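Beneath this line is the structure, given in C-alpha coordinates, with notes to follow.
The values are calculated or read from the model by the stated rules, or taken from the named source; none is laboratory data. Since this is a predicted model, take the numbers as computed values, not measurements. Counting neighbours? That spans all protein chains shown, and the Cβs are built from the backbone with ideal geometry, glycine included. Quick note on the areas: whole protein, heavy atoms, side chains included, nothing else; ligands and nucleic acids left out. Shrake-Rupley method; radii C 1.70, N 1.55, O 1.52, S 1.80 Å.
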Amino acid sequence: QAQLVQSGGGLVQAGGSLSISCAASGRTFTTGWFRQVPGKERIFVAAISRSNSTYYADSVKGRFTISRDSAKNTMYLQMNSLEPEDTAVYYCAGFSGFCTRLSCRDQRLYQFWGQGSQVTVSS
(Lines give C-alpha, C1' and ligand atoms only; values in the text may rest on other atoms or scores of the structure.)
Protein backbone atom coordinates (compact mmCIF):
# COMPACT_ATOMS: atom_id res chain seq x y z
CA GLN A 1 0.00 0.00 0.00
CA ALA A 2 1.64 3.21 -1.18
CA GLN A 3 1.08 6.65 0.25
CA LEU A 4 1.66 9.78 -1.78
CA VAL A 5 2.50 13.10 -0.19
CA GLN A 6 2.50 16.24 -2.30
CA SER A 7 4.34 19.51 -1.82
CA GLY A 8 4.62 22.68 -3.83
CA GLY A 9 2.07 24.61 -5.84
CA GLY A 10 0.85 28.09 -4.91
CA LEU A 11 0.07 31.36 -6.63
CA VAL A 12 1.80 32.71 -9.71
CA GLN A 13 1.14 35.26 -12.42
CA ALA A 14 0.34 34.18 -15.94
CA GLY A 15 3.49 33.25 -17.80
CA GLY A 16 5.23 32.15 -14.63
CA SER A 17 6.37 28.75 -13.42
CA LEU A 18 5.59 26.44 -10.53
CA SER A 19 6.53 22.92 -9.59
CA ILE A 20 4.84 20.23 -7.55
CA SER A 21 6.45 17.14 -6.09
CA CYS A 22 4.95 13.86 -4.98
CA ALA A 23 6.84 11.57 -2.62
CA ALA A 24 5.75 7.94 -2.50
CA SER A 25 6.23 5.76 0.56
CA GLY A 26 5.54 2.58 -1.34
CA ARG A 27 6.27 1.22 -4.75
CA THR A 28 4.35 2.61 -7.70
CA PHE A 29 5.37 1.76 -11.22
CA THR A 30 3.17 4.18 -13.08
CA THR A 31 2.55 7.67 -11.78
CA GLY A 32 0.55 10.56 -13.07
CA TRP A 33 -0.89 13.99 -12.44
CA PHE A 34 -4.51 14.98 -12.67
CA ARG A 35 -6.25 18.29 -11.96
CA GLN A 36 -9.69 19.37 -10.93
CA VAL A 37 -11.57 22.63 -11.00
CA PRO A 38 -14.52 23.03 -8.60
CA GLY A 39 -17.69 21.70 -10.15
CA LYS A 40 -15.87 19.83 -12.88
CA GLU A 41 -14.46 16.35 -13.30
CA ARG A 42 -10.88 15.55 -12.51
CA ILE A 43 -8.90 15.32 -15.75
CA PHE A 44 -5.60 13.88 -16.88
CA VAL A 45 -2.54 16.12 -17.06
CA ALA A 46 0.51 13.90 -17.46
CA ALA A 47 1.85 10.44 -16.69
CA ILE A 48 5.13 8.60 -16.62
CA SER A 49 5.15 4.87 -17.11
CA ARG A 50 7.31 2.15 -15.69
CA SER A 51 9.51 2.37 -18.78
CA ASN A 52 9.76 6.14 -18.25
CA SER A 53 7.61 6.95 -21.24
CA THR A 54 5.83 10.25 -20.70
CA TYR A 55 2.37 11.29 -21.81
CA TYR A 56 0.70 14.68 -21.70
CA ALA A 57 -2.70 16.19 -22.20
CA ASP A 58 -2.76 18.34 -25.32
CA SER A 59 -3.52 21.41 -23.21
CA VAL A 60 -0.20 21.21 -21.34
CA LYS A 61 2.10 19.66 -23.92
CA GLY A 62 5.22 21.73 -24.40
CA ARG A 63 4.62 23.66 -21.17
CA PHE A 64 4.57 20.99 -18.45
CA THR A 65 7.20 18.34 -17.76
CA ILE A 66 6.70 15.21 -15.70
CA SER A 67 9.74 13.50 -14.27
CA ARG A 68 10.69 10.94 -11.66
CA ASP A 69 13.63 10.44 -9.35
CA SER A 70 13.54 6.71 -8.65
CA ALA A 71 16.23 6.91 -5.99
CA LYS A 72 14.05 9.30 -3.99
CA ASN A 73 10.79 7.64 -5.08
CA THR A 74 9.55 11.10 -5.95
CA MET A 75 7.69 12.42 -8.97
CA TYR A 76 7.69 16.01 -10.17
CA LEU A 77 5.54 18.23 -12.34
CA GLN A 78 7.30 21.31 -13.66
CA MET A 79 4.80 23.81 -15.01
CA ASN A 80 6.00 26.64 -17.24
CA SER A 81 4.19 29.33 -19.19
CA LEU A 82 1.25 28.97 -16.85
CA GLU A 83 -2.14 30.28 -17.92
CA PRO A 84 -5.17 31.22 -15.82
CA GLU A 85 -6.88 28.14 -17.29
CA ASP A 86 -4.31 26.00 -15.46
CA THR A 87 -5.78 27.04 -12.12
CA ALA A 88 -6.92 23.88 -10.35
CA VAL A 89 -6.18 21.45 -7.57
CA TYR A 90 -3.50 19.09 -8.81
CA TYR A 91 -3.36 15.47 -7.65
CA CYS A 92 -0.58 12.97 -8.07
CA ALA A 93 -1.57 9.35 -8.44
CA GLY A 94 0.08 6.00 -8.83
CA PHE A 95 -0.55 2.34 -9.38
CA SER A 96 1.55 -0.81 -9.39
CA GLY A 97 0.98 -1.80 -12.98
CA PHE A 98 1.64 -1.02 -16.60
CA CYS A 99 -0.21 1.24 -18.97
CA THR A 100 -0.22 2.36 -22.55
CA ARG A 101 -0.34 5.80 -24.10
CA LEU A 102 -4.12 5.67 -23.84
CA SER A 103 -4.69 3.78 -20.60
CA CYS A 104 -2.24 5.92 -18.62
CA ARG A 105 -4.83 8.69 -18.97
CA ASP A 106 -7.54 6.66 -17.24
CA GLN A 107 -7.76 7.69 -13.59
CA ARG A 108 -9.67 4.50 -12.78
CA LEU A 109 -6.38 2.59 -13.02
CA TYR A 110 -4.74 4.60 -10.29
CA GLN A 111 -4.87 3.05 -6.83
CA PHE A 112 -3.10 5.67 -4.76
CA TRP A 113 -3.68 9.42 -4.60
CA GLY A 114 -1.96 12.41 -3.09
CA GLN A 115 -3.78 14.97 -0.99
CA GLY A 116 -3.92 17.63 -3.70
CA SER A 117 -2.09 20.91 -4.26
CA GLN A 118 -3.71 24.19 -5.18
CA VAL A 119 -2.25 25.96 -8.19
CA THR A 120 -3.61 29.43 -8.89
CA VAL A 121 -2.58 31.45 -11.92
CA SER A 122 -3.58 35.09 -11.93
CA SER A 123 -4.08 37.05 -15.13
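How many Å² of accessible area per residue for region 1-100, probe 1.4 Å?
50
Separation of region 1-32 and region 46-123 by C-alpha centroid, Å?
Centre-to-centre (Cα) distance: 8 Å.
Students often get this wrong: which residues of region 37-61 have the backbone nitrogen under 20 Å from the point 7 angstrom along Cα-to-C-beta of SER123?
Label zone hits: 37-40, 59-60.
Quick one: net charge around GLY94, please, counting Lys, Arg +1 and Asp, Glu -1 for every other residue with C-beta under 12 Å from its C-beta.
Taking every Cβ under 12 Å from that of GLY94, the sum is +3.
To the nearest 10 square angstrom, how much accessible area does THR100 have with a 1.4 angstrom probe?
Its accessible surface works out to 80 Å², give or take rounding.
Just reorder TYR76, TYR110, TYR56 by solvent-accessible area, largest first, 1.4 Å probe, all chains present.
If we order TYR76, TYR110, TYR56 from most to least accessible, we get TYR76, TYR56, TYR110.
Let me check against my output: what whole-number percent is the relative contact order of region 62-121, with C-alpha pairs under 8 Å and at least 6 apart?
About 35 percent, as a whole number.
I'd like to know which of GLY26, THR54, THR65 lies farthest towards the positive end of the charge dipole of the chain, counting +1 on Cβ of Lys and Arg and -1 on Cβ of Asp and Glu.
Of the listed residues, the answer is GLY26.
When Lys and Arg each count +1 and Asp and Glu each count -1, what net charge do the other residues less than 13 Å away from TRP113, Cβ to Cβ, add up to?
That works out to +3.
Just to verify a number: FRET efficiency for SER96 and LEU11, C-beta to C-beta distance, R0 = 25 Å, to 0.05?
For SER96 and LEU11, the calculated efficiency is 0.15.
Any chance you could list P(r) for region 1-83, counting all Cα-Cα pairs in 5 angstrom bins from zero, rounded to whole %?
3, 14, 24, 26, 20, 10, 4, 0
Give the ranking of VAL37, VAL121 by solvent-accessible surface, highest area first, calculated with a 1.4 Å probe.
VAL37, VAL121
Mean separation of Cα pairs under 8 Å and 6+ residues apart, divided by the residue count of the chain: what relative contact order is that in percent?
Reported relative contact order: 36 percent.
Students sometimes get this wrong: rank LEU77, LEU18, LEU109, LEU102 by accessible area, probe 1.4 Å, all chains present, largest first.
Descending order: LEU102, LEU109, LEU18, LEU77.
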